């Protein structure tokens with residue numbers, strides 16, 4: 001058993017989830033002035049929006065997102081570069097509309113997060129509606145653990161929070177914010193209905209324990225990975241270094257992999273929390289090839305959602321930063 005655990009640990013370390021936990025950044029290391037200024041800005045925005053009615057908070061959040069597009073030009077350039085890479089056949093006007101929508105979506109998500117303290121079972125149905133919940137419940141009922149495959153789509157923080165309010169708490173991997181005070185602010189409401197965030201740094205034991213007990217672990221699998229932690233698979237027509245942790249865990253633990261994501265439905269004025277049927281894990285006995293094969297299949301599922309709703313994805317992230325050996329930096 002110990003040998004098997006060591007083998008699994010090596011696989012995951014090499015592919016996605018670091019097993020060593022570095023010492024957290026202290027206020028002294030970051031600089032007190034920077035730490036407190038960042039916290040003061042975050043606290044003011046969060047609590048200012050929190051005191052507003054939800055409609056106002058979300059509306060102002062979208063306005064802040066539009067403002068961010070103007071005052072943070074490097075993020076706008078990242079989005080423009082990504083859209084040019086992903087959709088070269090689209091005209092400039094269409095790409096610009098998607099880019100603007102990205103910032104509005106981020107603002108909407110911010111507004112929703114500030115309203116978390118007001119959410120409860122009595123009002124959640126007017127904000128978030130399920131689509132395909134039976135797919136999630138079927139996977140959980142199998143008792144072999146569930147890896148919730150998700151991405152930075154729509155109001156992704158709301159998806160996990162709303163799911164817990166409905167009575168389905170879960171664990172999820174999260175990268176801790178460098179500013180410890182801002183991290184504490186972000187964590188204040190996440191666990192209110194039973195959710196548990198697991199620091200991505202040193203997460204192996206907790207993830208294994210949760211899956212072994214038949215629990216659910218959410219993993220965001222749509223961002224750029226380092227060459228040491230990921231594998232290259234096609235994403236929107238380009239090789240993209242993608243976390244191999246989902247495939248590695250699924251192959252070694254037998255956990256079901258269920259795609260889940262949240263989308264804003266403008267026509268209905270509600271968020272749709274969607275679950276798709278489990279993705280069958282391909283296991284040929286060749287771990288290295290199977291990790292690549294399954295990672296490619298997971299990525300295609302997320303890509304399909306992004307293609308349908310491109311303005312609700314995180315285009316400001318440099319998704320294709322890590323390149324295969326010999327390729328030039330795309331940015």
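Values in this text are rule-based calculations from the coordinates and carry no lab data. Since this is a predicted model, take the numbers as computed values, not measurements. When we count neighbours, we look across all protein chains shown, and the Cβ atoms used for this are built from the backbone with ideal geometry, even at glycine.
List of remarks:
- In the chain, helices alone account for a calculated mean residue ellipticity at 222 nm of -15500 deg cm²/dmol, with every DSSP H run of four or more residues adding -39,500 (n - 2.57).
- The share of Cα pairs per 10 Å bin across region 31-79, counted from zero up to the longest distance, runs 23, 37, 35, 4 percent.
- Region 256-319 and region 186-231: distance between their alpha carbon centers, rounded to Å: 16 Å
- Taking the convex hull of the alpha carbon positions in the chain and averaging its projected area over all directions gives 17.7 nm².
- Pairs of alpha carbons in region 78-211 whose separation is greater than 27 Å (percent): 34 percent
- Taking 151, 65, 143 in turn, the Gaussian network model of the chain (Cα-Cα springs below 10 Å) assigns the largest fluctuation to 143.
- Relative contact order (%) - the chain, alpha-carbon pairs under 8 angstrom, separation at least six: 25 percent
- Mean separation of Cα contacts under 8 Å, 6 or more apart, over the residue count of region 194-331: relative contact order %: 24 percent
- A quarter of the convex hull surface defined by the alpha-carbon atoms of region 159-263 gives 7.9 nm² as the mean projection.
- Computed from the C-beta positions of residue 142 and residue 226, the FRET efficiency with R₀ = 35 Å rounds to 0.60.
- Computed from the C-beta positions of residue 269 and residue 177, the FRET efficiency with R₀ = 45 Å rounds to 0.90.
- Binned Cα-Cα distance frequencies in region 30-156 - 10 Å width, integer %: 11, 28, 30, 24, 7, 0
- Normalised contact order of region 69-209, rounded percent, pairs of Cα under 8 Å and 6 or more residues apart: 20 percent
- Separation between Cα centres of region 87-145 and region 51-68, rounded to whole Å: 16 Å
- Burial ordering of 52, 170, fewest other beta-carbon atoms within 10 Å first: 52, 170
- If a spin label sat at a point 7 angstrom from the Cα of residue 129 along the line to its beta carbon, the backbone N atoms of region 248-284 nearer than 12 Å would be those of 265-273.
- Residues 124, 270 arranged by fewest to most Cβ contacts within 10 Å: 270, 124
- Two-decimal log10 I(q)/I(0) for region 220-331, as the Debye equation yields it once each C-alpha is a single scatterer, q = 0.23 Å⁻¹: -1.33
- Full extension of the chain segment joining residue 206 with residue 47 gains 54.0 nm, where the gain is 0.36 nm per residue of separation less the Cα-Cα distance.
- Annotation: region 203-248 has a Kirkwood hydrodynamic radius of 11.8 angstrom, from the mean reciprocal C-alpha pair distance.
- Among 36, 136, 168, the order by Cβ neighbours within 10 angstrom, fewest to most, reads 36, 168, 136.
- Spin-label zone in region 90-128 - amide nitrogen under 12 Å from a point set 7 Å from the Cα of residue 185 along the C-beta vector: 114
- Using a Gaussian network model of the chain in which every pair of alpha carbons under 10 angstrom is joined by a spring, one finds that among 95, 34, 144 the greatest mean-square fluctuation is at 34.
- Once the convex hull of all Cα atoms in region 266-316 is built, its volume per residue stands at 100 Å³.
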